[in-house]
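The values are calculated or read from the model by the stated rules, or taken from the named source; none is laboratory data. Since the model is a prediction, treat every value here as computed from it, not as a measurement. Backbone-built Cβ (ideal geometry, glycine too); neighbour counts: all protein chains shown.
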Amino acid sequence: MSINRRTFFKAMGATAVALSVGKELTASAESVAEGQSELYGVLYDVNRCVGCHGCEYDCAEAHGLEYPDIPKKPPMRKTDDTHLTVVNFHETSKGELPTKIQCMHCTQPACDAACLTQAMHKTEEGPVIWREEKCMGCRYCMISCPFDIPKFEYHSTNPRIMKCDMCHDRLKEGETPACVYNCPEEALMYGKRSDLIREARQRIHDNPEDYIDHIYGEHEAGGTSWLYISPVPFAELGLNTKVQKQSYPGLTKGFISSIAPVDILLPLGLLGIYEATRTKPITEEDE
Amino acid sequence: MEKAQNVFSDNKDNNLWKFILNELKPKGKIFTPFNIISFPIIIVGLVIIFIRFRDGIGAVTNLTQEIPWGLWIGFDVVTGVAFAGGAYVLVFMVNILNMKKYQPILRVTVLNGFLAYLFYSAALLLDLGRPLKIVNVIIGNNYGVSSVLFLVGWHFLLYMLALLLEFSPAVAEWLNARKLRKVLSTIGLGAVIFGITLSVLHQSGIGALYLMAIDKIHPLWYSEYLPLQFVVASVFAGIAMVILEGSISHKVFSYQLESDSHHQHNSILIGLAKICAGALFAYFALMVIVFVHGKDWQHLNSGWGSWYLLEMIGFVILPMLLFYFSYRHKSIFFIRLAAIITLLGVILNRMNVSIIVYRWYDVDRYVPTWQEFVVTLTIIFIEIWVLRWIIMRMPVLRKPPLWAQGNDH
């Protein structure tokens, strides 16, 4: 009989662990939802951008990376471990238009939910940052990100995950991100996400000829801190328009919340089956 | 074993070391075909692993910013874990359902499972960019509790401990440690129950890893039921591996077995074939529901659709029918054939989800380098060497010593 008692206590222990994990989960989800209104972000207006690539140089300087080598007629480029933002030109229904790409800083980031060491972290101010001392380099953030943003230093013995951090260090000193600060055409605007959405609506309302009625990032991937407005549909600018409207961490919620019940109930069920199928009389056991 | 029992007992430490040193020496022939093939590959593999740590992961792999998980994760971990599923299924059958018929293959299956997990963890460490930081998952205040990978990692780790406990009586018998053996067998049931629970969760968790890659995996392979698919697949993947591995070890180590064990083994194989047929049917039914539920009809009429149908018909329906047929006709040959087709099918499905249909829309495809293949082989070969070393010495296939028989829980 002692086995059963011991097993029962073990089951209780597992229950306690599972319940505490469950509690933490709901807590972290709530804190993101509460902080949502105070998040900061950047509004990018394709109409104002002239595609000077200046932000690429400013970004490289702010992050201590080499200046980009941009060819005269650049082909489509992607961000990588040394280029955290790039500006591409796209042939669209309204002529050639530039598009800046960088991390979208999702409100509920897939990378943050994927990270098992909290290295990827959605800060309360809005930027999604990567923390070197925590990361073990598993690259699950790269699998999960719907915008393909985290990049990995494959040729380093102590590789980092490289991505736009919205110049989190500059923000802490009360400054704006390097690309926003230096943009000569004011195509980039830094501010509270809710204010930026209001500003974007105002611009679309005032000049309906110049904009399509859609703010990219307002609902994409459950909402992002980086917002786009443009004269043409966003698919023409090479942005991922197939991205779902719900948040990506929501996709794993069902699985994660089923873990605690399984951890608790399955052992008890197994114990029941064990008792039901054993052939030896119980009194003969152990003692 | 006779000799060991004479020189060694619980309270003579001096003799324990002599005994272990003696056991470390190779037994059996050195120049077997397997050794001649595997040894050079292991040497090359170790050199590649050295280069990987000197120059970075990019020096030996074809991984890109778009394909961050390649062969080492897709095969060694995502596929390998399914193959190790036999351990929890058999433990469930023997220790919980009390199906004593399968007792003779339990130990070797648990040992296989444990070694598989041990070496797949090693493969995982090779793939981590900053492997030392893995301590952040285990200790410290950095728990990413909302991460599927965090939960998989912990269930994985705890299950390895459970497997070690389940196998530990064999180690105690090898060391002739009678008191230890008694203690270990009393905590057996706890290890069994939690081992099965942890297995169900991490087997499904491997599938759950890909839930957030909804835009990257072809809709024919992606579904919200991925975790359930993976856990059902681990049942027949694990048993098919037990059938194949059992057939091989019964040839290689036949001298360790008693004369009636071949007949007994055939009866075990027929029983396993029946279970495989059932598990494959459950999987097939699940896939049909997922397919209809996902309204994926329009995707069938494409190259990827044919690839999907090949997987479903050739590697799910075919082995299911083969298992059914071979069970009805008690044909050992067809059971083994069906097991091999099942294993190929599991490899195909897991490689599809993790590599082949992952970013199926990309023009540039990921093809592993020869170094990635050699390292994968190296890990498998070292695992087989360790497995052989243990089977040669501990009572895994052969019966436990007389003193240890009949006092299991």
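Taking helices (runs of 4 or more DSSP H) that fall entirely within the stretch B:163-261, which contain at least 1 residues that are β-branched (Val, Ile, Thr), in contact with a helix residue (DSSP H, G or I) (Cβ under 6 Å, 6 or more places away or on another chain) and on the phi < 0 side of the Ramachandran plot?
Working: elements: B:178-186, B:188-208, B:226-252.
Counting at least 1 such residues, we get B:188-208, B:226-252.
Please give the number of the condition B:ILE67 fails out of (1) buried (at least 16 other Cβ atoms within 10 Å of the Cβ); (2) more than 30 Å from B:SER234 (Cα to Cα).
(2)
Hey, can you tell me all the residues within the stretch B:319-342 that are touching a Phe, Trp or Tyr at 6+ places or on another chain (Cβ under 7 Å) and not β-branched (Val, Ile, Thr)?
B:MET320, B:LEU322, B:PHE325, B:SER326, B:PHE334, B:ALA338
Within the stretch B:266-278, which residues are in contact (Cβ under 8 Å) with a residue 40 or more places away in the chain, over 10 Å from B:ILE243 (Cβ atoms) and not aliphatic (A, V, I, L, M)?
B:ASN266, B:SER267, B:GLY271, B:LYS274
Anything in the stretch B:135-160 that is free of Cβ contacts under 8 Å to residues at least 12 places away in the same chain and either of a type in the set (Gly, Ala, Ser) or part of a helix (DSSP H, G or I) (or both)? List them, or say none.
Within the stretch B:135-160, B:VAL135, B:ASN136, B:GLY140, B:GLY144, B:SER146, B:SER147 qualify.
Restricting to the stretch A:70-85, name every residue that is assigned to a loop (DSSP other than H, G, I, E, B) and modelled with pLDDT of 85 or more.
Within the stretch A:70-85, the subset assigned to a loop (DSSP other than H, G, I, E, B) is A:70-79, A:81-82, A:84-85.
Selection gives A:MET76, A:ARG77, A:LYS78, A:THR79, A:ASP81, A:THR82, A:LEU84, A:THR85.
Which one of these does B:ALA116 not meet: (1) in a helix (DSSP H, G or I); (2) surrounded by fewer than 23 Cβ atoms within 10 Å (Cβ to Cβ); (3) more than 14 Å from chain A (Cβ to nearest Cβ)?
(2)
Among the listed residues B:ALA177, B:ALA170, which satisfies the condition of being small (Gly, Ala, Ser), away from chain A (no Cβ under 12 Å), out of contact with any Lys or Arg (no Cβ under 9 Å at 6 or more places or on another chain) and surrounded by fewer than 24 Cβ atoms within 10 Å (Cβ to Cβ)?
Details: B:ALA170 fails: out of contact with any Lys or Arg (no Cβ under 9 Å at 6 or more places or on another chain).
Just a single option satisfies the conditions, and that option is B:ALA177.
Being more than 13 Å from A:ASP81 (Cα to Cα), among the charged types (D, E, K, R) and touching a helix residue (DSSP H, G or I) at 6+ places or on another chain (Cβ under 8 Å) narrows it down to one of A:GLU132, A:GLU124, so name that one.
Numbers: A:GLU132 fails: touching a helix residue (DSSP H, G or I) at 6+ places or on another chain (Cβ under 8 Å).
From the options A:GLU132, A:GLU124, the qualifying one is A:GLU124.
Among what's in the stretch B:56-76 and is assigned to a helix (DSSP H, G or I) and more than 7 Å from chain A (Cβ to nearest Cβ), pick the residue that is modelled with the lowest pLDDT. Before the answer, list the steps.
The initial filter retains those residues of the stretch B:56-76 that are assigned to a helix (DSSP H, G or I), namely B:57-59, B:71-76.
Okay, now just the ones that are also more than 7 Å from chain A (Cβ to nearest Cβ), so B:71-76.
Working: B:LEU71: 94, B:TRP72: 93, B:ILE73: 94, B:GLY74: 93, B:PHE75: 93, B:ASP76: 90.
My answer is B:ASP76.
Looking only at the stretch A:260-279, count every residue that is in contact (Cβ under 8 Å) with a residue 24 or more places away in the chain and within 7 Å of chain B (Cβ to nearest Cβ) and tell me the total.
Number satisfying all stated conditions: 3.
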